[in-house]
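Worksheet for the structure shown next.
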């Protein structure tokens with residue numbers, strides 16, 4: 001098994017380039033944001049914009065991903081790769097040879113980079129989605145105020161405090177003075193929560209507020225997360 005897993009099979013790719021399936025503002029945005037920051041062209045990675053109806057109803061997409069959820073990518077060898085953390089790591093490994101957007105193996109902050117790849121989707125995003133659905137996913141007259149208040153409390157005591165602790169030494173970005181994939185991943189969750197009116201930083205956690213202001217000012221962020229007019 002070790003020998004087999006250590007070797008790569010040669011052969012022509014089944015598809016010319018990887019295809020990332022995407023709906024604006026959905027969790028595939030983390031991956032598309034990374035594609036933008038890496039400056040990848042459609043000759044390297046194709047971003048295929050789909051609709052919710054296509055995701056749920058297309059037999060072709062269901063064959064690729066029976067879960068009918070984003071994110072996922074059809075790779076050149078025909079494999080479907082799931083999960084934003086895995087997709088970001090794969091794209092960085094494949095295209096960021098200068099380690100501009102994440103630390104090289106052995107770097108002291110490599111472990112932290114891996115942490116943020118998974119902390120966002122696993123710990124921050126569920127709270128952001130819960131808050132979003134409690135706020136916008138029901139008739140406004142039927143909103144569960146207790147769920148909204150409890151989720152807001154958990155957000156402020158959880159992800160926001162984790163971010164504030166990380167930024168306590170005055171660093172500009174989550175891994176130091178350079179913008180990295182950690183900032184890409186976590187700014188998505190902040191963006192999702194901000195739609196509910198609870199960015200959860202201004203006033204109580206000024207370092208997080210300043211970090212998110214910087215992150216949301218970047219051209220790639222604005223391109224992805226500006227609502228259509």
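None of the figures in this text is laboratory data; all of them are computed from the coordinates on show. Here the structure is a predicted model, which is why all the values come from computation and not from measurement. Positions of Cβ are generated from backbone atoms using ideal geometry, with glycine treated the same way; all protein chains shown enter the neighbour counts.
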- Can you name every residue in segment 156-172 that is farther than 14 Å from residue 189 by Cα and part of a loop (DSSP other than H, G, I, E, B)? 167, 168, 169, 170, 171, 172
- Sole residue being surrounded by fewer than 15 Cβ atoms within 10 Å (Cβ to Cβ) and closer than 16 Å to residue 33 by Cβ, chosen from 219, 228, 126: 219
- Among what's in segment 20-70 and is touching a strand residue (DSSP E or B) at 6+ places or on another chain (Cβ under 8 Å) and assigned to a helix (DSSP H, G or I), pick the residue that is surrounded by the most Cβ atoms within 10 Å (Cβ to Cβ). 31
